[in-house]
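Quick note: the coordinates plus some simple rules give every number you see, no bench work behind them. The model shown is predicted, which means the values in this text are computed figures rather than measured ones. Neighbour counts run over all protein chains shown; Cβ positions are idealised from the backbone, glycine included.
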Amino acid sequence: MKVVITGASSGLGLALARHYLERGATVAACARRSELLQSLAAEFPGKVFCYALDVRDIAALQHAAEDFMARVGVPDIVIANAGVSRGTLTEYAEDLDAFQQVIDINVLGMVKTFQPFLAAMRAAALTPSPSDETISHSTKPASGQVAGYPRGRGGHFTLVGIASVAGFRGLPGSGAYSASKAAAISYLESLRVELHGSGVNVVTLCPGYIKTPMTDVNTYPMPFILEADEAARRMARVIESGKSFAVVPWQMGMVGWLLKCLPNWLYDFAFSKAPHKSRKTSI
């Protein structure tokens, strides 16, 4: 199995990378902090391809995709996990830059992560495997290539987007983060419908609270919080199951459903005094 993961240097991304590596996968680990990626590669020699990049940089992502596919083939799974969170308030002009960065990373970064792989995944999904004797040799791409890359296995490939329960309703003090995750959920649904029947599946994962550096700065209660390793195991099971949408843990899915059902007047009353994420959290 071949898996691409962004935000793989820490937190959930690192936990997902380790999960797949421990099961024999070859992983393209993408993140900004090269030294942490190299530590992962040293832990799993010969199984990790490190790409130090920012998901806002489409040229870097395209180069990473081309390099990885040229070396090992079309990935079975691409996980757009990279994301940031920062407390924001619209009334402060100095927060505009934070709004921009959160949207660029959490939404456009997801689009830029998927785009360089999508054509090759679609082609590989529709290409018979080398053992398929019902296809004559003359109809197969030369040298086992698909769209210029080593042949895929045929069948299904998967794009996974990490959204959040925070995208179900707008949380006070987290306008940028909630908006970005709501946009991610809608984008992933659009992509799923666009790719219906193509052999490329789209999975939307909405985590609740996961113990990572991102949540370590929170000073408010975080119900049903999961360790990153446990969250990774549960998410991998969802991906393997073929489900198109899941909340992890499921209890937060119930919470999210209840919040969506609340009328605005009740939601506003209940959450207007809720604690805010610190505006000093760096990106």
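Of the GluC sites (Glu not before Pro) in segment 1-104, the ones in a loop by DSSP (not H, G, I, E or B) with at most 14 other beta carbons within 10 Å are Glu91.
If R0 is taken as 35 Å, the Cβ-Cβ distance between Gln100 and Ser244 corresponds to a FRET efficiency of 0.70.
For a 20 Å ceiling on Cα separation, which of these pairs sit above it: Lys2/Lys47; Lys112/Lys260; Lys181/Lys260?
Working: Lys2/Lys47 10 Å; Lys112/Lys260 29 Å; Lys181/Lys260 15 Å.
Over 20 Å apart, Cα to Cα: Lys112/Lys260.
Residue-wise HN-Hα couplings along segment 103-109, as the Karplus relation 6.51 cos²θ - 1.76 cosθ + 1.60 with θ = phi - 60° gives them from phi, are 5, 4, 7, 6, 10, 5, x Hz; Gly and Pro carry x. Distance from the C-alpha centroid of segment 103-126 to that of segment 235-273: 25 Å, rounded to the whole angstrom.
Order the peptides 53-59, 226-232, 256-262 from the highest to the lowest mean number of other Cβ atoms within 10 Å of their residues. Show your work: numbers first, answer last.
Working: 53-59: 16.4, 226-232: 19.4, 256-262: 12.7.
My ranking of the peptides, most packed first, is 226-232, 53-59, 256-262.
For Val200, the residues 5 or more places off, or on other chains, whose built amide H falls under 5 Å of its own are Phe157. What the phi angles of segment 63-71 give under the Karplus curve with 6.51, -1.76 and 1.60, with θ = phi - 60°, is a coupling list of 5, 4, 4, 5, 5, 5, 5, 5, 7 Hz, glycine and proline written as x.
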